[in-house]
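The values are calculated or read from the model by the stated rules, or taken from the named source; none is laboratory data. What you are looking at is a predicted structure, and each value in this text was computed from that prediction instead of being measured. Virtual Cβ from ideal backbone geometry, glycine too; neighbours counted across all protein chains shown. Each accessible area value is taken on the protein alone, full model and side chains, heavy atoms only, with ligands, DNA and RNA left out. Shrake-Rupley method; radii C 1.70, N 1.55, O 1.52, S 1.80 Å.
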Amino acid sequence: MTEVLVLIDAPDGKVTKPSLELLTIARRIGEPSAVVFADASGHSADNGVLAEYGAEKIYTYDDAVYDEYLVGPKAEALSQLVAEVSPAAVLTGSSTEAKEISARVALKTESGWIGDAVDVQADGGTVTTTQSVFAGN
């Protein structure tokens, strides 16, 4: 199976529920790998929790530059990782930061980008995403 990268959100080292859900979804389409950026105080995600939710590999970036700037260095690091491992997909949460990182990675790697997907299903060689779009007042 092909590797699926999952950008993990873990403020103060605590992995968020959406990140854990993304790891679970990633198992449907490949081998989940967690991508973690440590925060300014050096807190990183709990590797045990990530493994429990299916992360077969964990890529940890703990340089202070990832906390000093908004998203540029994170997008660059993730783009380089995408070039190295050629994943089937990169899954990220729907935070403003994650969306910007995703968009930059898509541009840098000349890949597609689907935002606000709430589900991903694999059927043979076809991957289908479900989006949730709310409009109105």
Looking only at region 32-57, count every residue that is within 13 Å of I8 (Cβ to Cβ), at pLDDT 95 or above and open to solvent by 30 Å² or more (accessible area, probe 1.4 Å) and tell me the total.
1
For region 91-99, check the following and say yes or no: at least one residue is surrounded by fewer than 17 Cβ atoms within 10 Å (Cβ to Cβ) and over 25 Å from T130 (Cα atoms).
no
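Looking at S111, is it closer than 22 Å to E3 by Cβ, in contact with a helix residue (DSSP H, G or I) (Cβ under 9 Å, 6 or more places away or on another chain) and open to solvent by less than 50 Å² (accessible area, probe 1.4 Å)?
Judged against the criteria, S111 is not a match.
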Take the residues in region 58-85 that are in contact (Cβ under 8 Å) with a residue 40 or more places away in the chain and over 18 Å from S44 (Cβ atoms), then tell me which one is most open to solvent (accessible area, probe 1.4 Å).
V85
Inspect region 114-123 for any residue being touching a residue at least 24 places away in the same chain (Cβ under 8 Å), outside any strand (DSSP E or B) and within 13 Å of V6 (Cβ to Cβ) and give the result as yes or no.
no
